[in-house]
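For reference, the structure is listed below as structure tokens.
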Amino acid sequence: MTDKLIGDALCPNCGVLAPGKFCPECGQSTARQMHTVPEFVREFIRHYASRDGVLWQTLAKLLFAPGVLTLEYLAGKRTGYLRPLQLYLAVSVVVFAATQIYGLDLSLRLIGEHGIHLVRGTPLPVADDNIASRFSPLQLILDHIDIAKVRHFASLSNEERFNFLRARRLQYISSFILLMVPVFALIMKACYRSHRRRYAEHLIFGLHIHSFALLILLAQTLLPAVLGNLLSLWILGYLFTSLKRVYGGSRAAVLGRGALVAMLYWTSYFAGNFLLILALVQW
């Protein structure tokens, strides 16, 4: 009995006797059980909130001071904030886990419930004949690619198509969005070539922009259509304000370059999404 108690009280990391909640040698938690998603979120918040408010300071700057977090990082002021990649990965895990567990519709709303969908919680109505649905990657594949597996997919009911794609797409969407960050940085480097900034600086800016956008898209899932549309406008306004703060330039130049960045990014997103859905349909 004593041996069992001693064995259970050993730190799983360094093997030192640790009868309390934390190892006296290495400081690691002695908890051994696997965590649920809510426990993971609580542990993440507790860990970073205890580090001189680093989590809250990072989120405050990210959400309410467009571009400042990037400027602070590039200026070498890094101790008080989460690192850009660390922030993005933590945000993406929480956001995509929440959408999967609770069946949320993660999308950039444009008009009412219509917009650019990252993850849909429910299938689109069969009678939905708006322009966005007619020119979605899936509909273009069904209308213009004539191969056996696409024909078979087209023969399925609307609900069967939705369930088939959602089950598979959820496995890859977080990786796909992460891949869009370096694509965004390449677009930034091309559009701001005259600024002679290093690619890594554009990448840091991209990680902050995507972290902000994912948090706002998650917030949209809890709001009615009108407020969701306002948050979509906030994302665009946040992008232009961040560009002005980090890269400078006149308002006209920021609007022009910002519009070009947005157009090239969504073109890249559409192309990548098209290829991803085509691959999944042929699975």
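Remarks
- Residues whose placed amide H lies under 5 Å from that of Leu10, excluding near-sequence neighbours: Ala18
- Measuring nothing but how far apart in sequence close Cα pairs (under 8 Å, 6+ apart) lie, relative to its length, segment 163-283 scores a relative contact order of 31 percent.
- Phi angles of segment 191-196 translate, via the Karplus equation with coefficients 6.51, -1.76, 1.60 and θ = phi - 60°, into HN-Hα couplings of 6, 10, 4, 5, 7, 6 Hz per residue; Gly and Pro are given as x.
Since every read-out is calculated from the coordinates, none of them should be taken as a lab result. Since the model is a prediction, treat every value here as computed from it, not as a measurement.
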